[in-house]
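Let me begin by presenting the structure, written as structure tokens, before commenting on it.
The values are calculated or read from the model by the stated rules, or taken from the named source; none is laboratory data. Values in this document were obtained by computation on a predicted structure and should not be read as measured data. So basically every Cβ, Gly included, is an ideal-geometry build from the backbone, and we count neighbours across all protein chains shown.
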Ligand code: TSX
Ligand code: MN
């Protein structure tokens, strides 16, 4: 390596394994220079200034949106690429039918030539990050090498990043090596583009050596490797081996006017409003009740010595879908976005602020759309990309839970599993026991929305909302869940919810949003041993009188009955779909699940 490639480190570094790995990767990727990130504000300011000059970021109007920026990605690099995401254990049966498998040596052989010289003409940023509060027994450290300054500054928002992480590593601490390149080396004198990326894309996970290699994309989960790649796919493997859970769940706190506190963790597939639920504001009539936010996407959950599960949010920020976020759907998110944010692929207003579909009822008269083109309300195109995002510091959320950084985590009293189902699935029910709860979670599904697939109304199974994120065989994952219920004396109670049931006219039966507090309050009272419930075939359900309706007239008893209706015939058809899904998962299904299914079918006849 030439001398210009020698790293400059502005802090104490005495971790030979880390140093050697960085130099080894630098000799492969051949960057022009190496920058060890310290995580400081000055460093972020400098990277941002460089990106503004390069056209990668647009500074938003500092009066409207202080210290906030807009990035426009390449129009081919706008979402996670599931067909280019690989899980690479030696044995294909370990990856399971839910993952694209590649033999690890074959994957390395395909990656090596792609990474050889891939950072020519660019800076390699060394990004040390902690998933979870630094020093917490829940936390794990990663180091991402990336040639994208956008990734480096985004990682500073989404994770605890910089020199404190290196200090926590000491001289030989464990870290997950994460290598990322946009795959666009620059020849001497070659002019850069504002969003470099490569047509060829790979997002590879090596669960046995606990490594991540990502090539060709600069966007979201493909590039911010702490999130889906580490905190879910790699961490789910760690969790299976070590006896904990790495889940695609929000964590929220519920506090009664008497100051009693309960925490729930909830899994929903995409397009169900997870961030909205995590930041819910209770209706006016629930004076004194508080909902607090621990996390909106990922939960790491461990059995505690007190016989309960405890959870942390391993993230430090929110990387949320912008469209649909508004003062009506999520006022706390809107407040969180007031400053210090990076927006990607949203529209730009003439006065230098951001806009997306659903932010306001009336769109502005003119905009620059996410591709940088002039936009007017009648032009027939979307102004913001449907998968456009905000990257915002969690610390700015008004509903942030006081214990959100507690290194011991928060105790979990309930798991909630949800989906988007127009028929069949009632508003809320409670599973009879742990293994039945695991069955419900394993068979959860969501109807596809036009925005996501162009096809409406098909049910896509998404067990525990983990189908794209479980880094090993789904059958082993179900087995691990069944096991984990017995690692604590007092496992969380398991609930299923569905905010999306419609009537014959296709109208939503449930008002949703803040009114979901009524369901959360029932869950709060259930786990506290108070709320009433009726035993029906599917589980425990609230009667009309078991829900607090103060201040809400629109859900009449008749409407509630429609919301809660359980049609045995429809459920038998549902069970047939469960069978179909289970057989698609192959031969690793734990025996409990078909047994639960059989029990349910028999019970439906009674
Ligand atoms: O996020 C949602 N939640 C959870 C909120 C805490 N959404 C948005 C989903 C897309 C991401 C919802 N949409 C919810 C919901 O509870 N419910 C619905 C369906 C719905 C949409 C609109 C209305 C009622 C229900 N009513 C009016 O628009 C007036
Ligand atoms: Mn998610």
Within the stretch 515-538, restricting to residues that are outside any helix (DSSP H, G or I) and within 17 Å of residue 491 (Cα to Cα), the one that is nearest to ligand 2 (Cβ to nearest atom) is 528
Sole miss for residue 144 among (1) in contact (Cβ under 8 Å) with a residue 12 or more places away in the chain; (2) over 19 Å from residue 221 (Cβ atoms) is condition (2)
Output the residues belonging to the stretch 440-461 that are assigned to a helix (DSSP H, G or I) and either modelled with pLDDT of 80 or more or buried (at least 19 other Cβ atoms within 10 Å of the Cβ) (or both). 440, 441, 442
When only residues in the stretch 462-474 that are buried (at least 21 other Cβ atoms within 10 Å of the Cβ) and farther than 18 Å from residue 496 by Cα count, which is farthest from ligand 2 (Cβ to nearest atom)? 473
So residue 153 fits all but one of (1) closer than 29 Å to residue 102 by Cβ; (2) under 21 Å from the mean Cα position of the chain (by Cα); what number is the exception? (1)
Would you confirm whether or not the stretch 467-474 contains a residue that is in a helix (DSSP H, G or I), under 22 Å from the mean Cα position of the chain (by Cα) and at pLDDT 95 or above? yes
Taking the conditions exactly as written (modelled with pLDDT of 95 or more and not in a loop (DSSP other than H, G, I, E, B)), does residue 155 satisfy them or not? yes
Restricting attention to the stretch 90-103, does a residue exist that is touching a helix residue (DSSP H, G or I) at 6+ places or on another chain (Cβ under 7 Å), part of a loop (DSSP other than H, G, I, E, B) and surrounded by fewer than 21 Cβ atoms within 10 Å (Cβ to Cβ)? yes
Evaluate the following for residue 487: is it within 26 Å of the chain's Cα centre (by Cα) and in contact (Cβ under 8 Å) with a residue 40 or more places away in the chain? yes
Hey, residue 398 within 16 Å of ligand 1 (Cβ to nearest atom), farther than 17 Å from residue 265 by Cα and either more than 20 Å from the chain's Cα centre (by Cα) or surrounded by fewer than 20 Cβ atoms within 10 Å (Cβ to Cβ) (or both) or not: yes
Anything in the stretch 327-358 that is within 16 Å of ligand 1 (Cβ to nearest atom), surrounded by fewer than 24 Cβ atoms within 10 Å (Cβ to Cβ) and not in a loop (DSSP other than H, G, I, E, B)? List them, or say none. 331, 332, 334, 335
Any residue at all in the stretch 382-402 that is without any contact (Cβ under 8 Å) to a residue 60 or more places away in the chain, within 30 Å of residue 58 (Cα to Cα) and in a loop (DSSP other than H, G, I, E, B)? yes
Among the residues of the stretch 311-323, write down those that are out of contact with any helix residue (DSSP H, G or I) (no Cβ under 7 Å at 6 or more places or on another chain) and away from ligand 2 (no atom under 15 Å from the Cβ). 311, 312, 323
Could you go through the stretch 229-239 and let me know if any residue there is at pLDDT 95 or above, more than 13 Å from ligand 2 (Cβ to nearest atom) and assigned to a strand (DSSP E or B). no
Hey, residue 462 hits all of (1) away from ligand 1 (no atom under 16 Å from the Cβ); (2) over 28 Å from residue 558 (Cα atoms); (3) out of contact with any helix residue (DSSP H, G or I) (no Cβ under 6 Å at 6 or more places or on another chain) but one; which does it fall short on? (1)
Within the bounds of the stretch 284-292, is there any residue that is within 12 Å of ligand 1 (Cβ to nearest atom), part of a strand (DSSP E or B) and on the phi < 0 side of the Ramachandran plot? yes
Would you point out the residue of the stretch 240-270, among those that are within 15 Å of residue 139 (Cα to Cα) and surrounded by 22 or more Cβ atoms within 10 Å (Cβ to Cβ), that is farthest from ligand 2 (Cβ to nearest atom)? 244
Please name all residue pairs, on different chains or six or more residues apart, with Cβ atoms under 9 Å, provided the first residue is in the stretch 278-307 and is farther than 27 Å from residue 230 by Cα and the second residue is within 16 Å of ligand 2 (Cβ to nearest atom) and in a loop (DSSP other than H, G, I, E, B). 280/330; 281/330; 291/279
Could you say whether any residue in the stretch 260-277 is more than 16 Å from ligand 1 (Cβ to nearest atom), over 30 Å from residue 20 (Cα atoms), in contact with a helix residue (DSSP H, G or I) (Cβ under 9 Å, 6 or more places away or on another chain) and in a strand (DSSP E or B)? yes
Out of the stretch 561-578, which residues are in contact (Cβ under 8 Å) with a residue 40 or more places away in the chain and closer than 19 Å to residue 510 by Cβ? 562, 563, 564, 565, 566, 567, 570
Quick one: residue 475 ticks every box in (1) on the phi < 0 side of the Ramachandran plot; (2) touching a residue at least 60 places away in the same chain (Cβ under 8 Å); (3) in contact with a strand residue (DSSP E or B) (Cβ under 7 Å, 6 or more places away or on another chain) except a single one, so which number is it? (3)
The one condition residue 437 fails out of (1) part of a helix (DSSP H, G or I); (2) surrounded by fewer than 19 Cβ atoms within 10 Å (Cβ to Cβ) is (2)
Report yes if residue 324 is more than 16 Å from ligand 1 (Cβ to nearest atom), assigned to a loop (DSSP other than H, G, I, E, B) and surrounded by fewer than 24 Cβ atoms within 10 Å (Cβ to Cβ), otherwise no. no
Mind telling me which of the residues 127, 52, 143 ends up being over 28 Å from residue 28 (Cα atoms) and outside any loop (DSSP other than H, G, I, E, B)? 52
Out of 539, 506, I need the residue that is closer than 17 Å to residue 421 by Cβ, in contact (Cβ under 8 Å) with a residue 60 or more places away in the chain and more than 16 Å from ligand 1 (Cβ to nearest atom). Which one? 539
Output yes when any residue across the stretch 214-231 is in contact (Cβ under 8 Å) with a residue 40 or more places away in the chain, in contact with a strand residue (DSSP E or B) (Cβ under 6 Å, 6 or more places away or on another chain), farther than 23 Å from residue 321 by Cβ and more than 16 Å from ligand 1 (Cβ to nearest atom), and no when none is. yes
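Does residue 248 meet the test of being at pLDDT 95 or above and under 23 Å from residue 434 (Cα atoms)?
Against the criterion (at pLDDT 95 or above and under 23 Å from residue 434 (Cα atoms)), residue 248 qualifies.
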